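Novice: Would you mind keeping the following structure in view while I ask a few things?
Every read-out reported here was derived from the displayed coordinates using simple, explicitly stated rules and does not represent laboratory data. Keep in mind the model is a prediction, meaning the values are calculated, not measured. When we count neighbours, we look across all protein chains shown, and the Cβ atoms used for this are built from the backbone with ideal geometry, even at glycine.
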Amino acid sequence: MKILFVCKYNRFRSRIAEAYFNKINKNLKIQAESAGIIQGWFPLDKTQVEVAKEFDLDIVGKPRALSTELLRKQDKIIITADNVPVSLFEKVMIADNTPISFKENNNLILWKIQDEEKGNKESIRKIIKSIMAEVDKLINELRGEK
């Protein structure tokens, strides 16, 4: 199974979800990646990177944008942001004009996580904790637990 965590620019929320999921996931048959709906060229926020390290999460690296090829490989899309339209994933046309609907069969999940107040470490910590709680729930669901 392949899971894609998505936020607006792939600079914070989706990266935290990917890093934490990959850190605690024990099932090697499940892989997680992340991407943003908008190709961003901004460098990562140093405060966000620093606070993520407090949780032993590494979010360093170049932001990545969605692509048809990336979407084609996914089994589940998890929107980790409150500012990404769900409608983008309701019916996606891939390269060979085959439509994919991630909305069907619960393959599209929305976590309405707000962006942080810029530079506010407490706000960043709160968001990281809420993402970690959502990832914990997801892993339990994937294991068949409630």
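Novice: Along the charge dipole of region 27-66, pointing to its positive end and built from +1/-1 on Cβ of Lys, Arg, Asp and Glu, which listed residue (I59, A35, Q48) has its Cα farthest out?
Specialist: Result: A35.
Novice: Normalised by the residues of the chain, what does the relative contact order come to in percent, with Cα pairs under 8 Å and at least six apart?
Specialist: Result for the chain is 27 percent.
Novice: Helix 13-24: angle to the longest alpha-carbon principal axis of the chain, degrees 0 to 90, nearest 10?
Specialist: Taking Cα atoms only, the helix is inclined about 90 degrees.
Novice: Same structure, new question: Let a ≥ b ≥ c be the square roots of the eigenvalues of the Cα gyration tensor of region 1-65; is it rounded (a/c under 1.5), or, if not, prolate (a/b larger than b/c) or oblate?
Specialist: Oblate, because a/c is 1.5 or more while a/b does not exceed b/c.
Novice: Would you tally the net charge around K118, using a Cβ to Cβ cut-off of less than 13 Å, leaving K118 out, and scoring K and R as +1, D and E as -1?
Specialist: Local net charge: -2.
Novice: In the neighborhood of L70, defined by Cβ-to-Cβ distances under 9 Å, what is the net charge if each Lys or Arg adds +1 and each Asp or Glu adds -1?
Specialist: Taking every other residue near L70 into account, the sum is +1.
Novice: Charges only on Cβ, +1 for Lys and Arg, -1 for Asp and Glu: so what's the dipole of the chain about the Cα centre, in debye to the nearest 20?
Specialist: Here the size comes out at about 140 debye.
Novice: Let me ask something else about it. Please give the helix 121-142 orientation as an angle from the longest Cα principal axis of the chain, in degrees from 0 to 90, rounded to the nearest 10.
Specialist: Approximately 40 degrees, to the nearest ten.
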